[in-house]
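Let me begin by presenting the structure, written as structure tokens, before commenting on it.
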Amino acid sequence: MTSSGSPSDVASGDVVLVVVDHQGTTVRNPALELLTAARAIGRPEAVWLGGDAPAGAALETLGTHGAGVVHHLAVDPGGLLPAQVAQVLRVAVEATGARTVLLTSTFENKEASAHLAFHLGAGLVVDAAGVERDDDGALVTVQQAFAGTWTLRSVVTAEHAVVALKANAVPAEVVDGAPVPQVVAHPVVADASVGGATLVERTERPVSERPSLTEAQVVVVGGRGTNGDFSAVEDLADALGGAVGATRVATDEGWIGHEAQIGQTGVTVSPRLYVGAGVSGAVHHRGGMQSSGTIVAINNDPEAPIFEIADYGIVGDLTTVLPQTAAEVRRLRAESGEA
Amino acid sequence: MKIVVCVKHVPDVQADRRFTDDGLVDRTQGDGTLNELDENAVEAALALAEAHGGEVVALTMGPADAEDAVRRALQMGADQAVHVQDDALAGSDVFATAAVLAAAVRRLGEDAPVDLVVTGMAALDGLMSVVPSLLAAELGTSQATLAAELAVEDGAVRVRRDLDDATEVVRAPLPAVVSVTDQSNQPRYPNFKGIMAARKKPVTTWSLADLGVDAGAVGAAGARTRVLQATPRPPRENRVLVTDDGGAGTQLAAYLVQNRLV
Ligand SMILES: Cc1cc2nc3c(=O)[nH]c(=O)nc-3n(C[C@H](O)[C@H](O)[C@H](O)COP(=O)(O)OP(=O)(O)OC[C@H]3O[C@@H](n4cnc5c(N)ncnc54)[C@H](O)[C@@H]3O)c2cc1C
Ligand SMILES: Nc1ncnc2c1ncn2[C@@H]1O[C@H](COP(=O)(O)O)[C@@H](O)[C@H]1O
């Protein structure tokens, strides 16, 4: 991603609030990507929702990725509905006078973004793949549309902007010699009755040993062609240090949890490497993976539509190709001494 | 119960979808359909009306063709339909869309209050998934979105929603806005009887003036974002297709290493 020629001083001085995605005290990678992206469009300041303020390694990481200040809002985001999250975020927007807010583009955040933009009168862009400034300092976003077959560049014409960025859109980069950010606490009272809805119950899914699907640099996906046996898919994912994904057919069949579904009605992924095995490449599935860096497909039908978008296609049986690939990857790694 | 179900007319996902030179979704190809995910919304609305009694009104905002979307909802079993159509709406963003849909819901509530607004989880053209939240904000009601399961009981709607890292149960007192996912039900297919009956069902057309919405606040003029450029993605280069002769897995591993993907 490039920032345009010479962003005006006003633009580079503008506070850009970055809502930090974190798991307990661990900052998740997409938050670091957002901070990196924010540096190209202004002066990033982090917003941390959580019982405790970030400290130690978490605070340092936010600093090394460009956050000059961390705004702490003492509420548990897991206990809030989207309208309430927006209400809490408004406290930070008002306190800083920030005109731009960046979030990670999850379903929950898209809803919170909508409420926040509604109240700020802001322009709203979700599932963005990049942000930059035009020569006049206006915010420009890049998005993929129509199952990744089109690229849109849009300018935000409102004074405020709320942008939800996809994970893996911008690689996280550190700033040399960045100081540990200052933490500013803001009083918050989350109105339990925004709109009158209540969160009756929230069950966190157990954290997997594998990287999370949206954040992973490598995703190995199984479809109907696995016939229900995901072991070869999982094994290759582990050999590559990747996450496991699935098509809707595979999740509907109950072969793997619904949270693994990639596509228009599931998770959107943009890993460096996508491997699809026994996946036909239906448009609904493509919508969630077509912006991946390199696409590899293994399918025994040479006519499968996924071959139209694959960088590397293998017409073959996944039950032989996957284990062979995994074994060879492990062997090559051992050979190069990084096993 | 009075239920309004919002349905959108979108270009068929299986067709060659395009943007116009102005960066708007090209809706002139004539291959538009009811947004597939709104079939789930219609199904949810019909099932609730069947279980609790009441009426289902299908609501759409869009150009002339959009009437097809509410027609399809009528064929599935909705009782009546409203089509908001006005030249000033071209180029509307999600805020204008929500404001106009909310104005139509309020107008529909003048004779008997609307208890529930049901929407799909996303329109398959823009895939924003934000109109339901904006509708709730416009109407000042509670929301229970992305329902994989829903039920109305004790004057509230209760939904289960599956998010990336958690599953939630949300209770929203009526009136409320709910959006439903494609996991929530299996949409019924209109039968011959339904198709015939739909011909006699009323479709009311409202303009912005009918709704008292200021034309300057909607359409391209009122939009808070403007598309600068829409470009088709160039085809991927250097694509390789091999047929497994027994060593394709080994070759793939070499390719991955060569391209520093491992
Ligand atoms: C509203 C709506 C939303 C949807 N949303 C999504 C979504 O978000 N995500 C999604 O994935 N789908 C979604 N779908 C479903 C989508 O349309 C397809 O049905 C689905 O993606 C197909 O899954 P598949 O590729 O696993 O199965 P299939 O299309 O059946 O393909 C299986 C493939 O496996 C190959 N195969 C079989 N055996 C082998 C073998 N031994 N080795 C190698 N290859 C083999 C076959 O040749 C075939 O190409 C949605 C559908 C609708 C209507
Ligand atoms: N123009 C429209 N007319 C009627 N309903 C709409 C319109 N746009 C969006 N919706 C509803 O809002 C849902 C989510 O849309 P979106 O936020 O655009 O992805 C859709 O599934 C529809 O139910």
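Could you list, in sequence order, the residues of segment A:209-262 that are over 23 Å from B:Leu163 (Cα atoms), touching a Leu at 6+ places or on another chain (Cβ under 8 Å) and either outside the structural domain of A:Pro323 (by TED's automatic domain parsing) or of a type outside the set (A, V, I, L, M, F, W, C) (or both)?
A:Gly225, A:Thr226, A:Asp235
Being outside any strand (DSSP E or B), away from ligand 2 (no atom under 16 Å from the Cβ) and more than 9 Å from every other protein chain (Cβ to nearest Cβ) narrows it down to one residue among A:Ala216, A:Ala310; which is it?
A:Ala216 is the lone residue from the list that is outside any strand (DSSP E or B), away from ligand 2 (no atom under 16 Å from the Cβ) and more than 9 Å from every other protein chain (Cβ to nearest Cβ).
Could you list, in sequence order, all residues of segment B:157-190 that are out of contact with any helix residue (DSSP H, G or I) (no Cβ under 9 Å at 6 or more places or on another chain) and farther than 30 Å from A:Arg28 by Cα?
B:Arg158, B:Leu174
Among (1) within 25 Å of A:Gly121 (Cβ to Cβ); (2) in contact (Cβ under 8 Å) with a residue 12 or more places away in the chain; (3) more than 7 Å from chain A (Cβ to nearest Cβ), where does B:Asp214 come up short?
The single condition B:Asp214 does not satisfy is (2).
Does A:His284 satisfy the condition of being open to solvent by 50 Å² or more (accessible area, probe 1.4 Å) and within 16 Å of ligand 2 (Cβ to nearest atom)?
For A:His284, the condition - open to solvent by 50 Å² or more (accessible area, probe 1.4 Å) and within 16 Å of ligand 2 (Cβ to nearest atom) - is met.
In this structure, is A:Val296 facing chain B (nearest Cβ under 10 Å), closer than 24 Å to B:Arg160 by Cα and hydrophobic (A, V, I, L, M, F, W, C)?
Spelling it out, it is not the case that A:Val296 is facing chain B (nearest Cβ under 10 Å), closer than 24 Å to B:Arg160 by Cα and hydrophobic (A, V, I, L, M, F, W, C).
Of everything in segment B:129-182, what is among the small types (Gly, Ala, Ser) and over 18 Å from A:Thr106 (Cβ atoms)? Give them in sequence order.
B:Ala136, B:Ala137, B:Gly140, B:Ser142, B:Ala151, B:Gly155, B:Ala156, B:Ala172, B:Ala176
Looking at segment B:217-244 only, could you name the residues that are under 26 Å from A:Ser336 (Cβ atoms) and either open to solvent by 80 Å² or more (accessible area, probe 1.4 Å) or among the acidic types (Asp, Glu) (or both)?
Within segment B:217-244, B:Asn238, B:Asp244 meet the criteria.
Determine whether B:Thr167 is facing chain A (nearest Cβ under 7 Å), out of contact with any Gly (no Cβ under 8 Å at 6 or more places or on another chain), within 30 Å of A:Val218 (Cα to Cα) and surrounded by 19 or more Cβ atoms within 10 Å (Cβ to Cβ).
Answer is no for this residue.
Looking at B:Lys8 and the list (1) within 16 Å of ligand 1 (Cβ to nearest atom); (2) within 14 Å of another protein chain (Cβ to nearest Cβ), which single condition is not satisfied?
(2)
How many residues, within segment A:41-79, are among the small types (Gly, Ala, Ser), more than 18 Å from the chain's Cα centre (by Cα) and surrounded by 16 or more Cβ atoms within 10 Å (Cβ to Cβ)?
8
When residues of segment A:219-237 are filtered for being in a helix (DSSP H, G or I), crowded, with 24+ Cβ neighbours inside 10 Å and touching a Ser or Thr at 6+ places or on another chain (Cβ under 7 Å), how many remain?
2
Check whether at least one residue in segment A:272-286 is more than 8 Å from ligand 1 (Cβ to nearest atom) and part of a loop (DSSP other than H, G, I, E, B), and report yes or no.
Checked segment A:272-286: at least one residue is more than 8 Å from ligand 1 (Cβ to nearest atom) and part of a loop (DSSP other than H, G, I, E, B).
Quick one: which residue in B:Ala66, B:Ala44, B:Ala103, B:Ala49 is within 16 Å of ligand 1 (Cβ to nearest atom), more than 14 Å from every other protein chain (Cβ to nearest Cβ) and part of a helix (DSSP H, G or I)?
B:Ala44
All but one of (1) within 13 Å of another protein chain (Cβ to nearest Cβ); (2) within 16 Å of ligand 1 (Cβ to nearest atom); (3) open to solvent by 10 Å² or more (accessible area, probe 1.4 Å) hold for A:Leu240; state the number of the condition that does not hold.
Only one criterion in (1) within 13 Å of another protein chain (Cβ to nearest Cβ); (2) within 16 Å of ligand 1 (Cβ to nearest atom); (3) open to solvent by 10 Å² or more (accessible area, probe 1.4 Å) is unmet by A:Leu240, namely (2).
Out of segment B:137-164, which residues are among the small types (Gly, Ala, Ser) and open to solvent by 20 Å² or more (accessible area, probe 1.4 Å)?
Selection gives B:Ala137, B:Gly140, B:Ala151, B:Gly155.
Going through segment A:250-281 one residue at a time, which ones are open to solvent by 50 Å² or more (accessible area, probe 1.4 Å) and without any contact (Cβ under 8 Å) to a residue 40 or more places away in the chain?
A:Asp252, A:Glu253, A:Gly254, A:Trp255, A:His258 - these are the residues of segment A:250-281 that are open to solvent by 50 Å² or more (accessible area, probe 1.4 Å) and without any contact (Cβ under 8 Å) to a residue 40 or more places away in the chain.
Among the listed residues B:Asp65, B:Asp79, which satisfies the condition of being touching a helix residue (DSSP H, G or I) at 6+ places or on another chain (Cβ under 9 Å), open to solvent by 50 Å² or more (accessible area, probe 1.4 Å) and not basic (Lys, Arg)?
That would be B:Asp79, the only listed residue that is touching a helix residue (DSSP H, G or I) at 6+ places or on another chain (Cβ under 9 Å), open to solvent by 50 Å² or more (accessible area, probe 1.4 Å) and not basic (Lys, Arg).
Within the group B:Asp125, B:Asp154, B:Asp111, which residue is more than 7 Å from chain A (Cβ to nearest Cβ), on the phi > 0 side of the Ramachandran plot and of a type in the set (D, E, K, R)?
B:Asp154
Could you grab me the full set of residues in segment A:88-108 that are in a helix (DSSP H, G or I) and open to solvent by less than 30 Å² (accessible area, probe 1.4 Å)?
A:Val88, A:Leu89, A:Ala92, A:Val93
Against the definition (more than 8 Å from chain A (Cβ to nearest Cβ) and either surrounded by 13 or more Cβ atoms within 10 Å (Cβ to Cβ) or modelled with pLDDT under 95 (or both)), how does B:Gly249 come out, yes or no?
So B:Gly249 does not fit the description; no.
Could we say that B:Leu174 is open to solvent by 40 Å² or more (accessible area, probe 1.4 Å), among the hydrophobic types (A, V, I, L, M, F, W, C), more than 15 Å from ligand 1 (Cβ to nearest atom) and in contact with an Asp or Glu (Cβ under 7 Å, 6 or more places away or on another chain) here?
Judged against the criteria, B:Leu174 is a match.
Just to verify a result, which residue in segment A:166-213, among those that are part of a strand (DSSP E or B) and more than 14 Å from chain B (Cβ to nearest Cβ), is farthest from B:Ala147 (Cα to Cα)?
Taking the candidates together, the pick is A:Gln182.
Here are some residues: B:Leu208, B:Leu134. Which one is open to solvent by less than 10 Å² (accessible area, probe 1.4 Å), within 16 Å of ligand 2 (Cβ to nearest atom), farther than 25 Å from A:Val126 by Cβ and touching a helix residue (DSSP H, G or I) at 6+ places or on another chain (Cβ under 7 Å)?
B:Leu208
Report the residue count in segment B:170-207 for those that are part of a strand (DSSP E or B), of a type outside the set (A, V, I, L, M) and more than 7 Å from chain A (Cβ to nearest Cβ).
Within segment B:170-207, residues that are part of a strand (DSSP E or B), of a type outside the set (A, V, I, L, M) and more than 7 Å from chain A (Cβ to nearest Cβ) number 4.
The values are calculated or read from the model by the stated rules, or taken from the named source; none is laboratory data. From a predicted model like this one, the values you see are computed outputs, not experimental measurements. For neighbour counting, all protein chains shown are included, and Cβ atoms are generated from backbone atoms with ideal geometry for every residue, glycine included. Just so you know, the surface numbers come from the protein's heavy atoms only, side chains and all, with ligands and any DNA or RNA stripped out. Shrake-Rupley method; radii C 1.70, N 1.55, O 1.52, S 1.80 Å.
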